[in-house]
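Asks: What follows is a structure written as structure tokens; I'll ask about it next.
Bear in mind these aren't lab numbers, they're just calculated from the coordinates by the rules spelled out. It should be emphasised that the depicted structure is a prediction, and the values quoted were computed from it without experimental measurement. FYI the Cβ positions are ideal-geometry reconstructions off the backbone, even for glycines, and counts take in every protein chain you see.
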Amino acid sequence: MELDHIFLFATEYDLLAEALQMFGLSEGTPNTHPGQGTACRRFYFRNAYLELVWIANEKEARDSGMAKAKLWERAQYHQTKFCPLGLCFRAKNLPGKLP
């Protein structure tokens with residue numbers, strides 16, 4: 001297993017995105033996550049990326065099948081004290097096909 005990306009819930013994502021661009025990171029296409037209620041901007045490293053995430057649809061974020069991930073609570077980290085970041089991994093060198 002290896003790191004795929006780091007996500008960070010951000011309230012002032014445009015300012016943070018501008019700083020990341022000034023730092024020299026390349027930005028990918030902005031994205032929405034249908035069914036999760038979130039949207040993002042991604043900044044790429046050589047073999048991973050940083051994803052700035054925010055709530056785009058409050059109802060979806062609270063009521064989605066992703067409730068176990070606590071996305072709404074993570075986005076409200078100033079009040080909830082939930083961790084605003086997460087690590088996502090990808091498989092590396094899988095033996096054969098998965099079932």
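Asks: Over the C-alpha atoms of the chain, what are the Rg and the largest Cα-to-Cα span, Dmax, in Å?
Replies: Cα radius of gyration and Dmax of the chain are 14.8, 45 Å respectively.
Asks: Suppose R0 equals 25 Å; then what is the FRET efficiency for residue 23 and residue 70 from their Cβ-Cβ distance, rounded to the nearest 0.05? Provide the component values of the computation, followed by the final result.
Replies: Values: r = 29 Å, r/R0 = 1.16.
The formula returns an efficiency of 0.30 here.
Asks: Now for a separate question. Label-point separation (nm) for residue 1 and residue 56, each offset 7 Å from Cα along Cα-to-Cβ?
Replies: Modelled inter-label distance: 2.7 nm.
Asks: Stretch residue 81-residue 39 to full length: gain in nm at 0.36 nm per residue minus the Cα-Cα span? Don't skip to the answer; put the middle values down first.
Replies: On the way: separation 42, 0.36 × 42 = 15.12 nm, distance 2.11 nm.
Working it through step by step, the gained length comes to 13.0 nm.
Asks: Round to the nearest 0.05 the FRET efficiency obtained for residue 89 and residue 46 when R0 = 22 Å and r is the Cβ-Cβ distance. Don't skip to the answer; put the middle values down first.
Replies: Working: r = 17 Å, r/R0 = 0.75.
Computed FRET efficiency for residue 89 and residue 46 comes out at 0.85.
Asks: Here's something else I'd like to know. Can you compute the charge dipole magnitude of the chain about its Cα centre, using +1 on each Lys and Arg Cβ and -1 on each Asp and Glu Cβ, nothing else charged? Give it in debye, rounded to the nearest 20. Before the final figure, lay out the partial values.
Replies: On the way: 12 positive and 11 negative charges, 94 e Å.
So the dipole magnitude of the chain works out to roughly 460 debye.
Asks: In deg cm²/dmol and to the nearest 500, what is the mean residue ellipticity at 222 nm of the chain if only DSSP H runs of at least 4 residues count, each as -39500 (n - 2.57), divided by the residue total?
Replies: Values: 4 runs with 26 residues, N = 99.
Rounded to the nearest 500, it is -6500 deg cm²/dmol.
Asks: Continuing with the same structure: Of the chain, which part is the longest with no trypsin sites (Lys or Arg not before Pro) in a loop (DSSP not H, G, I, E, B) and with at most 12 other C-beta atoms within 10 angstrom?
Replies: Details: sites that count: 46, 81, 92, 97.
For trypsin sites (Lys or Arg not before Pro) (loop position, at most 12 other Cβ atoms within 10 Å), the longest site-free span of the chain is 1-45.
Asks: Given the options 36, 79, 21, which has the most mean-square fluctuation in a GNM of the chain, springs set between C-alpha atoms less than 10 angstrom apart?
Replies: Its mean-square fluctuation being the largest, the pick is 79.
Asks: Taking the chain as a Gaussian network, where each spring joins two C-alpha atoms under 10 Å apart, which residue of 19, 56, 39 fluctuates the most?
Replies: Of the options given, 19 has the highest mean-square fluctuation.
Asks: Could you tell me which residue out of 43, 23, 67 lies farthest along the dipole of the chain toward its positive end? Charges go on the beta carbon: Lys and Arg +1, Asp and Glu -1, centred on the Cα centre.
Replies: 67
Asks: Between the DSSP loop rule and a limit of at most 13 other Cβ atoms within 10 Å, which GluC sites (Glu not before Pro) in segment 1-78 are left? Could the numbers behind the result be given before it?
Replies: Working: sites: 2, 12, 18, 27, 51, 58, 60, 73; in loops: 12.
Here the GluC sites (Glu not before Pro) that fit, given the DSSP loop and packing criteria, are 12.
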